[in-house]
Structure formats: C-alpha cells, structure tokens
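Taking it in order: structure first as structure tokens, then the write-up.
The values are calculated or read from the model by the stated rules, or taken from the named source; none is laboratory data. Predicted model only: the values in this text are computed from it and were never measured. Glycine also receives a Cβ, built like all others from the backbone with ideal geometry; neighbour counts cover every protein chain displayed. We work out accessible area using only protein heavy atoms, side chains counted, and drop any ligands, DNA or RNA first. Shrake-Rupley method; radii C 1.70, N 1.55, O 1.52, S 1.80 Å.
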2 protein chains.
Amino acid sequence: MVYAAIAAGGAGLRMGTELPKQFLELNGKPILIYTLERFVGLTDKVFLGIAKEQKALTEELLKDYGLSEKVVITPGGINRMETIYNILKDIEAKCSVTDNDIVITHDAVRPFVSNRVIEENIEKCRQFGAAGTFVKTVDTVCISESGEYVSAVPDRNMLYNVQTPQTVNFKLLKKALCKHTDDFEKYTDLCGLLCTEEIKAAMVQGDYSNIKITTPSDLKFAEKFVEEN
Amino acid sequence: MVYAAIAAGGAGLRMGTELPKQFLELNGKPILIYTLERFVGLTDKVFLGIAKEQKALTEELLKDYGLSEKVVITPGGINRMETIYNILKDIEAKCSVTDNDIVITHDAVRPFVSNRVIEENIEKCRQFGAAGTFVKTVDTVCISESGEYVSAVPDRNMLYNVQTPQTVNFKLLKKALCKHTDDFEKYTDLCGLLCTEEIKAAMVQGDYSNIKITTPSDLKFAEKFVEEN
C-alpha cells in the first residue's frame, strides 16, 4: 500500500491573511484541494494532518469537492515532524501496515506537484527505501559559521533545493521518527532527519513550478500558473 | 577613492526578450538607470562594463538621464569576472589608484539595492579589506556529490544566499583577478574567487528586495515593487 501523508500545519502568518494559506483560493478552488486531488488516484489512501481548529472547515471542503471518502483527517502536531508522526500513528490504527508499505509525504501548500514526480518518488522508494524531490539551486549559496565572515562557497553543482514529496518505507520512517520525538522542532522536513539516521534518500528531479506557496509573491506566481495551465 | 564597477554582461536569454534585461523598463525607466542612480553620489566614480553591441544605446540612455558625465563605459568581457577585470584595468588607465582605494562591484540587474547596503559595504571593506552582501537562505538546501543520493543537509542557520554589492580593496582585487585570468568562467561572482584566495569577506546583511532580475516572474515582482515604493 502507498499512503499519502499531506501536512497542512502552517498558520500562514507570512501571507498576512487570516485564513491559513492552504485555504486560499486559486481560480476559486482552495490550494489544499489542488494538492489532495494530485494524490487521490496515484496512492491507495490519503491522510491529511491539519490543526483541530480547521477540521470543520476542511470537512466541509472535502464534501464540496467529493473527497470525503478518499481523505482521512488526522489532528496535526505542533510542528511538521509531529504532524507526520501523528499521521503514521493514525495509519497504524486504521490500516494493517506491512513491511512493504510506503508513505509519500507532501506539503499541502505545494499544489503543482506533477504526476511524474509522485510516480518517480514511489518507484525510487520501492527500490531504495527512501526518496525525495530536489531541484538544482539557482542562487549562489555560501556557508558562514560565524555569521560575520564567509567560511566557504560550496560548488553550486552539488547544491540542491529540497522540495516535497519525500517518500519513505513506512516502518523505516516510523522507527526514525520514534527516535526523534524529543527534537522534532530541529527538522524542517524529512530530508535532514533521514540524513541524521544515515538513511540515503534517492533523488527525484523536481520541477521549478512545484513551489511552496508561503508569501504574497508566491501567490501571485501561483495565480499566473493556474491561469496558464 | 571609491569606484563602482557595475557589470551588465547578461544577454537576457532567460527573459525571452530581444533586449538584454538591463534595458527593460520599470515604470518607463530602464533597470540599468535605476541601478546606476543608486551608486552615483555614494561613490566617487561609476564604471559600467557593457557589451560593445550595446554601447550606443547605453550612451544615449546616459545622456537622457543626465548621467553622461558621471558614468564611464568600459567594454564588457565574455563573462562576469572578465568584465570586472576589464573595469579594473580601465580604472588604472584613467585614474591614479592608491593603496586605500576600493571597488564596489554590483549587478546591473539588481536595481533595488539600498543606500544602507552600499554604505555598509564601503565601511566594512575599509575595515576588513573585503565585504559582501548576504541574506539568510529561506529554502532547505542539501548537498549531493553524486546527484543520485543526498550526501548532507547543512545547518540552515549557516547558509546564506550571495547578493551584490561585493566590495574589495582595489589592489587586493586586481592581484586576485590576475591570478585567475585563465579560469574566470569558474566563478559566477567574486565571493567564490575571494574564498579560493583565502580573502575573508565581511558580511553585510542584504535585503530580500535586492533581487537580481533574471526571469519574467522576477520582472513581475520588480514592477510591483516599483509601484509600491
């Protein structure tokens, strides 16, 4: 079985709106719905981790878009890792997990992920145990240990921006997360946690359009993207 | 003396326009003019490195905006480092350079650099010999040596995106560039070259609005920025 774990944690403060950003609409449809629709059909069951306060609104939206039977709502955690951990526990409680089962994790506010990227994540995860989505870094990035002087400029050809999906064998991921319940806040995504656990994530090439909508200028880009596609 | 070296090399291919991107207009004024105006007044002399093919158009624009007396045009090189190298040679030919002179280098297509950033660059360069402009990286970045597996996820708190200005003592920079005339194409900006030469650049905090306009979505952001400021 392939489980999708969609994390919709953010309160959307950077957007300057009252509604969390996953509920903002693109061409009349909430961002969250775009994202869920990408995973329904390509996975066996979709779990959505979302704050309790937004449960009622989310249930209503799922109903409106005919997704109630296809998406399970799980209470979100206080950070992204805890949200994913909660989803894994919910999957265990509701389904019989086997050794070959896979979890494909994704940000609710990355609505433009392509079928190719989802399919390659699942394929590479089956083959290697873990996979993630990456694009080459466009900017020049440097390292400074002190914050006062530049320490090093890594070769740009070896630098990648981390996107989602990030996809891991269910039991492998559960075990890794269980070891870090005390320091979940240290990890912004699975990539760093997998590295700490020396689980090598195979790389799937992402798309530059697979953006995370976090600022008003991202939203402008997203509106244009929806218009043109 | 403080010399500004503005590099306007790019052919603007990513923009999908015929005119190089530094000539595109924001609210009726070319991007290049915004940039030059930022440095005239805060520096003693401004040198602009630009392709021969664009010399006539540039001269006309400088005249239109009353900048002819304030900006010297230098033929650009085949890459950014060569353009800066050409400017340094031109400065030497036209001015009497002393040991304390400073060069503040900048991208022609970063029109929104603030006075504060320019002033702090000059100040820190006087104090430490070299300075650059940096903002904290917003994205999660990972390193992959093979391009197939993730090798490491550096601590995001130590990662910075490199902006310009980058500011160096004239003679120090000339010496460093002279050693690399055969591998200029290896360096996208001075930061990497200074690291190779073990010249420590002091860090000036940049602004997220100090963007490099290279894609149509950058241009959209820029239009909005000009409208609002």
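If I go through the range B:66-78 residue by residue, how many of them are open to solvent by 40 Å² or more (accessible area, probe 1.4 Å) and of a type outside the set (A, V, I, L, M, F, W, C)?
5
A:Ala93 fails exactly one of the following numbered conditions: (1) hydrophobic (A, V, I, L, M, F, W, C); (2) surrounded by fewer than 14 Cβ atoms within 10 Å (Cβ to Cβ); (3) in contact (Cβ under 8 Å) with a residue 24 or more places away in the chain. What is the number of that condition?
The number of the failed condition is (3).
Mind listing just one residue for me: the one in the range B:179-208 that is in contact with a Ser or Thr (Cβ under 7 Å, 6 or more places away or on another chain) and within 17 Å of B:Asn121 (Cβ to Cβ) and, of those, farthest from the other protein chains (Cβ to nearest Cβ)?
Keep residues of the range B:179-208 that are in contact with a Ser or Thr (Cβ under 7 Å, 6 or more places away or on another chain), which gives B:188-191, B:203-204, B:206-207.
Now narrow it down to the ones that are within 17 Å of B:Asn121 (Cβ to Cβ): B:189-191, B:203-204, B:206-207.
On the way: B:Asp189: 6, B:Leu190: 10, B:Cys191: 5, B:Met203: 6, B:Val204: 10, B:Gly206: 12, B:Asp207: 14 Å.
Checked the range B:179-208; the qualifying residue farthest from the other protein chains (Cβ to nearest Cβ) is B:Asp207.
Hey, can you tell me all the residues within the range B:144-189 that are of a type in the set (A, V, I, L, M, F, W, C), surrounded by 13 or more Cβ atoms within 10 Å (Cβ to Cβ) and under 30 Å from B:Thr83 (Cβ atoms)?
Within the range B:144-189, B:Leu159, B:Val162, B:Val168, B:Phe170, B:Leu172, B:Leu173, B:Ala176, B:Leu177, B:Phe184 meet the criteria.
Return a yes/no flag: does the range B:91-106 have any residue that is of a type outside the set (Gly, Ala, Ser), over 30 Å from A:Ala130 (Cα atoms) and within 14 Å of chain A (Cβ to nearest Cβ).
To start, the set of residues in the range B:91-106 that are of a type outside the set (Gly, Ala, Ser) comprises B:91-92, B:94-95, B:97-106.
Add one more test, that the residue is over 30 Å from A:Ala130 (Cα atoms), and what stays is B:91-92, B:94-95, B:97-106.
Now drop any that are not within 14 Å of chain A (Cβ to nearest Cβ), which leaves B:105.
Yes: one or more hits.
Mind counting the residues in the range B:209-227 that are charged (D, E, K, R) and more than 11 Å from chain A (Cβ to nearest Cβ)?
Just the residues of the range B:209-227 that are charged (D, E, K, R), to begin with: B:212, B:218, B:220, B:223-224, B:227.
With the extra rule that they be more than 11 Å from chain A (Cβ to nearest Cβ), the set shrinks to B:227.
Here the count works out to 1.
Out of A:Val162, A:Val168, A:Val150, report the one residue that is modelled with pLDDT of 90 or more, within 23 Å of A:Val97 (Cβ to Cβ) and hydrophobic (A, V, I, L, M, F, W, C). Write out each step before concluding.
On the way: A:Val162 fails: within 23 Å of A:Val97 (Cβ to Cβ); A:Val150 fails: within 23 Å of A:Val97 (Cβ to Cβ).
Criteria check complete, one pass: A:Val168.
When you check A:Phe128 against the structure, is it more than 7 Å from chain B (Cβ to nearest Cβ), among the aromatic types (Phe, Trp, Tyr) and open to solvent by less than 70 Å² (accessible area, probe 1.4 Å), yes or no? Quick ask: steps written out before the conclusion?
Details: more than 7 Å from chain B (Cβ to nearest Cβ): yes; among the aromatic types (Phe, Trp, Tyr): yes; open to solvent by less than 70 Å² (accessible area, probe 1.4 Å): no.
The answer is no for A:Phe128.
From the residues in the range B:4-21 that are modelled with pLDDT under 95 and not in a loop (DSSP other than H, G, I, E, B), which one is surrounded by the fewest Cβ atoms within 10 Å (Cβ to Cβ)? Break it down stepwise before answering.
Within the range B:4-21, the first condition is being modelled with pLDDT under 95, and the residues that meet it are B:8-21.
So of that shortlist, the ones also not in a loop (DSSP other than H, G, I, E, B) come out as B:8, B:13-15, B:21.
Values: B:Ala8: 25, B:Leu13: 10, B:Arg14: 12, B:Met15: 19, B:Lys21: 24.
Here the residue is B:Leu13.
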